[in-house]
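The values are calculated or read from the model by the stated rules, or taken from the named source; none is laboratory data. Not measured: the values here are computed from a predicted model. Neighbour counts are summed over all protein chains in view; Cβ atoms, including those assigned to glycine, are modelled from backbone coordinates with ideal geometry.
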Amino acid sequence: MFDWLIVGAGFAGSVLAERIASQRNESILLIDRRSHIGGNAYDCYNDAGILIHQYGPHIFHTNAQSIVDYLSQFTAWRPYEHRVLSKVDGQLLPIPINLDTINRLYGLDLTSEQLEQFFVSRRETVEEIRTAEDVVVSTVGRELYEKFFRGYTRKQWGIDPSQLNKSVTARVPTRTSRDDRYFNDTFQQMPAGGYTRMFQRMLQHPKIKVMLQTDYKDVQARIPFRRMIYTGPVDEYFDWSLGRLPYRSLRFEHVTLDREQFQPVAVVNYPQTQEYTRITEYKHLTGQKSPQTSLTYEYPTNIGDPYYPVPRAENEALYKRYEALAAAVADVWFVGRLATYRYYNMDQVVGQALATFARIQKSLPAISARQFEVAG
Ligand code: FAD
Ligand code: UDP
């Protein structure tokens, strides 16, 4: 009998496995239906010996020192500030939109103050900012929205930005400075040996047993356990009894080229042309040296593994109904991006898992063998 069954070996499941094993000394069976640990953050060396991210570019960034401290037990870090270019009107321009983006796009020589006025003259008044379209048109105006956001968002999500929650495009700031970093966070570094190495260290504990290529539905009746943490899609747990929650998927095309470099930065976005949304070149992220280079093209699709919850009101309403079902299941905790239907970054999932662990500590006395012997 395992004290815990943990479904999913991504950040949510692995952080909780590590905490429960090291702090409560309870036994854990951690399963994943994939053939590896790490969830969507999994990275591996390809045939050319280049470290790639199997599920697209994962860049670690956070403002939470406590999360850095926690993960630093399992990895050293390599400083990396993410920069992205967007192919717009035939040019490669910085995104988030900044002073250089506008000056180069329109052949201007504006100062930051003039750019602020430029935005003021172009932005639309939106009574209540609700949608992913509202956020952008009320900041930089419709023309820039159409060039940088509308096409990309339609491709990425399969729906128009006017149908998506404001939180989606609010992830991307607008700047009047020349700062061309993608993120604002105070901590922007990559795990020095890669994500998978970090996960291996987290899970290296005698109380944690990992079983891969194992689907929860196939083993739930056969594996005895006392409590469970579930990090898969919440609607799937309930056999879609209230209907399907939409999750957006991606098809990844991984290629390796016999040249040292393909593009000037790690990620180039394609908001106006191409069927793919972006191309990632990993050597920029990892600092690896090689005469070859590996890239990933991302093609959004509704078919395939669930990657993104789709933030819009009707989906959030359906999720609330699943959340109510989940709250009523005794001894099961639902954690992570798929199980709580939240468009979370890695650091937010680590934070959510650590907060869940704190709640477990508060509400559950450690399972001692004696207690269960007495209970029968
Ligand atoms: P997951 O990583 O999805 O792990 C869940 C695991 O559960 C999976 O491995 C799955 O196989 C397993 N599972 C599900 N159901 C079952 C079942 N029935 N039985 C067994 N196993 C099951 N975040 C950032 O901070 N920075 C980034 O740059 C970034 N880039 C991203 C790029 C892409 C393309 C994507 C898709 C996400 C990106 N993220 C990024 C988000 C990041 O991937 C997530 O925040 C994080 O991986 C979520 O961890 P998780 O444990 O909740 O879920
Ligand atoms: N987005 C866009 N154009 C861009 C970059 C982002 O329209 O060049 C929109 C798009 O809807 C995207 C969202 O902003 O899904 C959030 O971007 P982010 O880079 O955070 O997406 P992720 O890395 O999670 O895929």
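Values computed for the structure shown
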| read-out | value |
| --- | --- |
| Conditions (1) aromatic (Phe, Trp, Tyr); (2) within 26 Å of the chain's Cα centre (by Cα); (3) loosely packed, with under 15 Cβ neighbours inside 10 Å: number failed by residue 106 | (2) |
| Cross-chain or 6+ apart pairs with Cβ under 7 Å, segment 30-56 first and among the aromatic types (Phe, Trp, Tyr), then within 16 Å of ligand 2 (Cβ to nearest atom) | 42/54; 42/55; 42/195; 55/40; 55/252 |
| Any hit, segment 188-211, residues being in contact (Cβ under 8 Å) with a residue 12 or more places away in the chain, touching a His at 6+ places or on another chain (Cβ under 7 Å) and aromatic (Phe, Trp, Tyr) | yes |
| Residue that is farthest from ligand 1 (Cβ to nearest atom) [pool: residues in segment 117-148 that are farther than 20 Å from residue 311 by Cα and of a type in the set (Asp, Glu)] | 127 |
| Residue 12 vs. criteria small (Gly, Ala, Ser) and closer than 24 Å to residue 186 by Cβ | yes |
| Qualifying residue in segment 226-247 (condition: aliphatic (A, V, I, L, M), within 19 Å of residue 152 (Cα to Cα), surrounded by 15 or more Cβ atoms within 10 Å (Cβ to Cβ) and at pLDDT 95 or above) | no |
| Those residues of segment 71-120 which are touching a strand residue (DSSP E or B) at 6+ places or on another chain (Cβ under 7 Å) and closer than 20 Å to residue 274 by Cβ, in sequence order | 84, 85, 86, 87, 92, 93, 94, 95, 101, 105 |
| Subset of segment 274-292 (residues that are in contact with a strand residue (DSSP E or B) (Cβ under 7 Å, 6 or more places away or on another chain) and more than 20 Å from residue 251 (Cα to Cα)) | 283, 285, 286, 287, 288, 292 |
| Which numbered condition residue 310 fails, given (1) out of contact with any helix residue (DSSP H, G or I) (no Cβ under 7 Å at 6 or more places or on another chain); (2) within 24 Å of residue 10 (Cα to Cα) | (1) |
| Qualifying residues in segment 141-172 (those that are in contact (Cβ under 8 Å) with a residue 60 or more places away in the chain, within 22 Å of residue 120 (Cα to Cα) and touching an Asp or Glu at 6+ places or on another chain (Cβ under 9 Å)) - the one nearest to ligand 2 (Cβ to nearest atom) | 149 |
| Failed item, numbered, when residue 188 is tested on (1) over 20 Å from residue 86 (Cβ atoms); (2) within 15 Å of ligand 1 (Cβ to nearest atom); (3) buried (at least 18 other Cβ atoms within 10 Å of the Cβ) | (1) |
| Exclusive hit being surrounded by fewer than 24 Cβ atoms within 10 Å (Cβ to Cβ), within 15 Å of ligand 1 (Cβ to nearest atom), closer than 19 Å to residue 213 by Cβ and not aromatic (Phe, Trp, Tyr), set 29, 71 | 29 |
| Strands (runs of 3 or more DSSP E) within segment 24-132 that include 2 or more residues within 15 Å of ligand 2 (Cβ to nearest atom) | 84-88, 91-95 |
